[in-house]
Every structure is written in C-alpha cells, then in structure tokens.
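Heads up: the structure comes next, in structure tokens.
The values are calculated or read from the model by the stated rules, or taken from the named source; none is laboratory data. Only a predicted model underlies this, so the values are computations on that prediction, with no experimental measurement involved. With ideal geometry, Cβ positions are generated from the backbone for all residues, glycine too; neighbour counts draw on all protein chains shown.
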Amino acid sequence: MLLELKNIKKQFKNNHVLKGIDLSVEKGEVIAIIGPSGSGKTTLLRNINFLETADSGSMLFREQQIDLAKPTKKQILWARRHMAMVFQNYNLFKNKTALKNISEGLVFGQNKSKTEADELACQALDQVGLLGKKDFYPSQLSGGQQQRIGIARATVLNPDIVLFDEPTSALDPELVGTVLHDMKTLADKGQTMIVVTHQMSFARNVASRVAFFSDGEILEEGRSDEIFDHPQHERTQQFLSAIAEDY
C-alpha cells in the first residue's frame, strides 16, 4: 500500500466539508474522484498535501504514519518531497520562464546543480512537447501550455504520487485534450495519481478506480466500469444520469 487515508475530517465553521474519509491507493493506481461541486474533493487533496490541516485523521504514506491534525514540519517536508500537486489555475511563477518554473524546484527542493536541474527540466518539457517554449514566460503561453508545464514541473521531481485538482477546469474546451493526453501518458507509464476531475471520459477510460464524493463523504467506490455501468447508490445514479452525455 503506497497511501492509506483514515477518518479524515475537516470543518469550516459550521460546514462539515469532510466527514470521515477513508481511501487507499496502491502503487501505479489512478484514482479518479468525481462528484458535485462543493462536495469536499479539493479539500481532501489540500489536506493530503498539507495546504490545509485536517481536524482529525491519519495518513500512512510510504510506511510512514502521519497524524494529519498534528503533522510536524519535518513530516510535512518529507511528504512533500515524495508527492506533487497540479492545480486548477497552473500556479506558475509569472516572472520566470517555463524552464525556470521547472528547474528551480530541483535546485532548492532537491539540491540539484543548476546544470543538472536545467537538463532535467528540458527533458520534462520535451516529454510534454514544449521544449521549444522553454524561454517563454507564462503570459506568452496558452492556458493549456501553462497547465502542461505545471504537469512537467510536478513530474520532474519523480514523485511517488501526483495529486491533480481539476487540472482542466480553467481551460478552453479545445485545449482540454492535450492536457488529458499528457495525463494518460503518465498513467500508462505507471505514475500513481489521484485526480479530482469533471472529465468523466478520463475517469471512465483511464482511472483504475473511481470514488464518488457527495456532501463530504465517499458514497461509492469501485472499478471505473462498476461505477459508471452499475452504480449502486441512488445519489451516484442521479449524478451520472445527469451527465451521461459526457462519458
């Protein structure tokens, strides 16, 4: 087991966003998290990556046990060295080139030399077909190109797991396909991923397992064909029937 989450709870004032989430991830799996907006999907990822602190719950990651309500700074740094996150809105440094957006994490996070970091960054850019844009700034790139650089930045660190937070939600429809293609390529190479997504075709055709979120809970989880073809929970059935044309 690469990652195991137990009883994660998070509350904002009177809003119980996560109501005791349990989820396990094996190495090489792609877990798609689907469900209506506001159901807690993004909050779960932010708790896993310590961008928010859970009220309670634990994470077993690479055989290291972490109390998500009381993580130490050492545990946070260690976990972040072994995972990466791709955000909805790219989160690139606007004053740095595509190359520097990727290489600086290697220099400051993994103590690589500038030469080695630049070489690895160029390889990562080449893998997403953007080596020719290495000296471009984010303002000179399309949304799809920026997101693909975000994916390159995440994967160049060779993480055990990559968290994707609705990576195509801010893109124009014609740009979605290129980003999904890069993600499928990663999946085909065995990259472990947790993907919060509204792209049902990706969840159905690429994910190993699908977890359906609603109102802070995982109501149903299983193989993608089980969830899409034979959903058991009434709420899952309602959700999928409303968006059937998307998959």
Fill in the blank from the handout: Apart from one, (1) within 27 Å of residue 62 (Cα to Cα); (2) within 13 Å of the chain's Cα centre (by Cα); (3) not aromatic (Phe, Trp, Tyr) all hold for residue 168; the odd one out is (1)
Exercise for the section: Looking only at the stretch 197-213, decide whether some residue is at pLDDT 95 or above and on the phi > 0 side of the Ramachandran plot. Expected result: no
Completion exercise
Exactly one of 165, 160 is closer than 18 Å to residue 39 by Cα, touching a strand residue (DSSP E or B) at 6+ places or on another chain (Cβ under 9 Å) and of a type outside the set (A, V, I, L, M, F, W, C), and that one is 165
Completion exercise
Checked the stretch 150-193 for anything among the β-branched types (Val, Ile, Thr), touching a helix residue (DSSP H, G or I) at 6+ places or on another chain (Cβ under 7 Å) and closer than 18 Å to residue 2 by Cα; matches are 155, 162
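Every residue, every condition in (1) under 21 Å from residue 42 (Cα atoms); (2) in contact with a Pro (Cβ under 7 Å, 6 or more places away or on another chain); (3) surrounded by fewer than 18 Cβ atoms within 10 Å (Cβ to Cβ); (4) not aromatic (Phe, Trp, Tyr), yes or no:
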position: 141; (1), (2), (3), (4): no, no, no, yes
position: 161; (1), (2), (3), (4): yes, no, no, yes
position: 169; (1), (2), (3), (4): yes, no, yes, yes
position: 180; (1), (2), (3), (4): yes, no, no, yes
position: 200; (1), (2), (3), (4): yes, no, no, yes
position: 241; (1), (2), (3), (4): no, no, yes, yes
Exercise for the section: Might you check whether a residue that is under 22 Å from the mean Cα position of the chain (by Cα) and surrounded by fewer than 17 Cβ atoms within 10 Å (Cβ to Cβ) occurs anywhere in the stretch 114-121? Expected result: no
Exercise for the section: Would you check if residue 207 is assigned to a helix (DSSP H, G or I), in contact (Cβ under 8 Å) with a residue 40 or more places away in the chain, crowded, with 21+ Cβ neighbours inside 10 Å and not acidic (Asp, Glu)? Expected result: no
